[in-house]
Amino acid sequence: MRITQEALAHDAGTSSSYLSAIENGRSSPTLKAMERLAKALGVNAVYLLSGRISISIVSDDELEIGAILARPAVTLRRHPHKPTGRPSKTK
């Protein structure tokens, strides 16, 4: 999952500086904060606490670059000359 720190903070009803402090070990989140973060990420708090989730906090620029880099793959999937279906059998 890729999400900006600002977007996650907004969705969880907290500040990006608080998330940064948690991420860097300068602060320990309260149970209530963990519940809000889990809800914002679409997982339950137990799952979040288990450490089995991969979250990349990225900048808005990195998200934009990722979207730009993904465009050729989307274009290839939608290419008008790409054959669709199976070729007909001729005898």
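Out of all the residues in the range 9-49, which are surrounded by 15 or more Cβ atoms within 10 Å (Cβ to Cβ), free of Cβ contacts under 8 Å to residues at least 24 places away in the same chain and of a type outside the set (Val, Ile, Thr)? I'd like the intermediate steps shown before the answer.
If we filter the range 9-49 for residues that are surrounded by 15 or more Cβ atoms within 10 Å (Cβ to Cβ), which is where we start, we get 9, 11-12, 14, 16, 18-19, 22, 29, 33-41, 43, 45, 48.
Subsequent filtering for residues that are free of Cβ contacts under 8 Å to residues at least 24 places away in the same chain retains 9, 14, 16, 18, 22, 29, 33-35, 38, 43, 45, 48.
Scanning the range 9-49 gives 9, 16, 18, 29, 33, 34, 35, 38, 45, 48.
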Could you tell me which numbered condition residue 13 fails, if it satisfies all but one of (1) at pLDDT below 85; (2) over 14 Å from the mean Cα position of the chain (by Cα)? (1)
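Just the residues that are of a type in the set (A, V, I, L, M) and within 15 Å of residue 2 (Cα to Cα), please, taken from the range 24-47.
37, 38, 40, 41, 43 - these are the residues of the range 24-47 that are of a type in the set (A, V, I, L, M) and within 15 Å of residue 2 (Cα to Cα).
The values are calculated or read from the model by the stated rules, or taken from the named source; none is laboratory data. Treat the numbers as computed from the prediction; the structure is a model and nothing was measured. Note that each Cβ is placed from the backbone with ideal geometry, even for glycine, and that neighbours are counted across all protein chains shown.
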